[in-house]
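The values are calculated or read from the model by the stated rules, or taken from the named source; none is laboratory data. Everything numeric here is computed off the predicted structure, so don't read it as measured data. Cβ sites come from the backbone with ideal geometry, for glycine too, and all protein chains shown count toward neighbours.
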Amino acid sequence: MASITLNHIDKTYDDGYHAISDVNLDIEDGEFVILVGPSGSGKSTLLRMIVGLEDITDGELLIGGRRVNEAAPKDRNLAMVFQNYALYPHLTVYENIAFPLRLVRDGKPSDEEIDRKVRDAARVLELTDHLERKPGNLSGGQRQRVAMGRAIVREADAFLFDEPLSNLDAKLRGQMRAEISQLQRRLATTSVYVTHDQTEAMTLGDRVAVLKKGVLQQVASPRELYEQP
Ligand code: ADP
Ligand code: ADP
């Protein structure tokens, strides 16, 4: 895991739209930060800049203390957990989780190593009984966990979540919220989690960062936010 530091981050899109203004944020190694804000406030833009899917116009982005502004997404060692899961429907759960390890070019892990990592991740995520199934036969929550398994085996420096629960019904969302919270405590992964859900914001994170019109309004613990007048 690694820290993520945003120093005076600015984003102006090609059409001149100034989406992010002078954002400063220090995310500690192992910290879970929730990014909230109204639609259009720049949450996705910020997340996409951290992952490397969007150029940073100005400022500096550090991962584990290393400047990565110019690094390609694959050189940032971050794992994005999308709301649509992005699983391969024709592969089993086992192969979906193993997938990133099979792509490693330098120092490719052996089949035994891959097997151990996949089974370790499956155990943490309580997917051991589902390894031979295909994603189409899984519940939304189980699919979400497979997506997280893929991030875990990659031993990414950080997880980035883009509204991962927004497609789920209320019951499953509650269940997944509890699961993510538990996992976070067990794995202590550095995480940035975008949501517009108040409950997720107030229960999941160590700190909540509030974005409005591209400006970071405040960064505080859920307790501090709750207690403020
Ligand atoms: P959020 O995730 O908080 O809903 P976004 O980061 O998606 O916000 O968008 C922030 C602002 O940037 C919005 O006004 C949006 O219209 C604008 N925006 C997003 N992508 C582009 C783009 N490719 N070109 C121009 N403007 C964009
Ligand atoms: P990286 O860590 O380099 O982004 P990924 O495992 O995310 O590697 O993806 C490796 C390749 O597989 C990329 O070309 C990506 O576009 C493709 N890929 C990843 N997930 C899927 C998916 N669910 N369906 C189709 N292609 C995918």
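Can Leu6 be described as within 16 Å of ligand 2 (Cβ to nearest atom) and crowded, with 19+ Cβ neighbours inside 10 Å? No: the conditions fail for Leu6.
Only one entry of Asp10, Asp22 meets the criterion of being touching a His at 6+ places or on another chain (Cβ under 6 Å), in contact (Cβ under 8 Å) with a residue 12 or more places away in the chain and under 18 Å from Lys212 (Cβ atoms), and that entry is Asp22.
Take the residues of region 9-59 that are on the phi > 0 side of the Ramachandran plot and not in a loop (DSSP other than H, G, I, E, B): which is surrounded by the fewest Cβ atoms within 10 Å (Cβ to Cβ)? The extreme case among them is Asp22. Residues of region 63-84 being surrounded by 17 or more Cβ atoms within 10 Å (Cβ to Cβ) and closer than 18 Å to Asn24 by Cβ, which ones? Of everything in region 63-84, those that are surrounded by 17 or more Cβ atoms within 10 Å (Cβ to Cβ) and closer than 18 Å to Asn24 by Cβ turn out to be Ile63, Val68. When each of Asp129, Asp75 is tested for being within 22 Å of Arg186 (Cα to Cα) and more than 16 Å from ligand 1 (Cβ to nearest atom), the lone residue that passes is Asp129. Residues considered: Val36, Val81, Val68. Of these, the only one that is aliphatic (A, V, I, L, M), within 14 Å of ligand 1 (Cβ to nearest atom) and under 19 Å from the mean Cα position of the chain (by Cα) is Val36. Looking across region 70-107, the residues that are among the hydroxyl-bearing types (Ser, Thr, Tyr) and at pLDDT 90 or above come down to Tyr88, Thr92, Tyr94.
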